[in-house]
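The values are calculated or read from the model by the stated rules, or taken from the named source; none is laboratory data. Treat the numbers as computed from the prediction; the structure is a model and nothing was measured. Neighbour counts run over all protein chains shown; Cβ positions are idealised from the backbone, glycine included. Note: accessible area is taken over every heavy atom of the protein model, side chains too, but ligands, DNA and RNA are not part of it. Shrake-Rupley method; radii C 1.70, N 1.55, O 1.52, S 1.80 Å.
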Amino acid sequence: MARENRRDDRRRGGGGGDDRDENEFVEKLVSINRVAKVVKGGRRFGFAALVVVGDGKGRVGHGAGKAREVPEAIRKATEQAKRQMIRVPLREARTLHHDVKGRYGAGKVVLRAAPAGTGIIAGGPMRAIFESIGIHDIVAKSVGTSNPHNMVKATFDALTQIQSPRDVASRRSKKVGDIVGRRQDGGEARE
């Protein structure tokens, strides 16, 4: 009986505000790594977690956390990811507006917009990011590294470079149709 009451409370939104936050964000554990600290008596083992958090509607963040226990490391990483969220403009709420390259350290990534029905063609950490953002169609390639930390940071570097036609039009004091229409005209409409 008590279990049913708790379930009803969660459905109605009662029982604290944390339930709403948990349902609002998609959390993906990208990697968990055992790390060692050498001290006088030997080695102390801990865990380092890399987490990606998104709302499925264009907001995403990443975070890293270290602790002696796995759940604590994941919690720290998730909190950091929620604090560092960025907004990514999406075309038709399914793909990117344009192709883009990102770089961080030795990690280089190429992200390409894809037609509907393509799916997420990306490896490991990048797939977790795109699923968290809410992208359904994208082709991505990582060049130079397989280190998850560098791949995630390079992907975020690329995502921060994406601009929607609305942003470009407002910055150039033009209409969105002028910006998008030029590409369709074949680039001949120059002023």
(request) List every residue pair whose Cβ atoms sit under 9 Å apart, with the two residues 6 or more apart in sequence or on different chains, where the first one lies in the range 128-149 and is within 22 Å of residue 58 (Cβ to Cβ) and among the aliphatic types (A, V, I, L, M) and the second, anywhere, is open to solvent by 30 Å² or more (accessible area, probe 1.4 Å) and assigned to a helix (DSSP H, G or I). (result) 140/127
(message) If I ask for residues that are part of a helix (DSSP H, G or I) and not polar (S, T, N, Q), which ones from the range 68-90 would you list?
(response) 70, 71, 72, 73, 74, 75, 76, 77, 79, 81, 82, 83
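Within the range 125-136, is even one residue modelled with pLDDT of 85 or more, within 27 Å of residue 103 (Cα to Cα) and loosely packed, with under 13 Cβ neighbours inside 10 Å? Outline the logic, then answer.
So in the range 125-136, the residues modelled with pLDDT of 85 or more come out as 125-136.
So of that shortlist, the ones also within 27 Å of residue 103 (Cα to Cα) come out as 125-136.
When the remaining residues are screened for being loosely packed, with under 13 Cβ neighbours inside 10 Å, the result is none.
No - not one qualifying residue is present in the range 125-136.
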(request) Name every residue in the range 97-118 that is within 17 Å of residue 142 (Cα to Cα) and either open to solvent by less than 40 Å² (accessible area, probe 1.4 Å) or in a loop (DSSP other than H, G, I, E, B) (or both), in order of residue number. (result) 99, 100, 102, 105, 106, 107, 109, 111, 113, 114
(request) Say whether the condition of being buried (at least 16 other Cβ atoms within 10 Å of the Cβ), touching a Phe, Trp or Tyr at 6+ places or on another chain (Cβ under 9 Å), among the β-branched types (Val, Ile, Thr) and assigned to a strand (DSSP E or B) is met by at least one residue in the range 147-154. (result) no
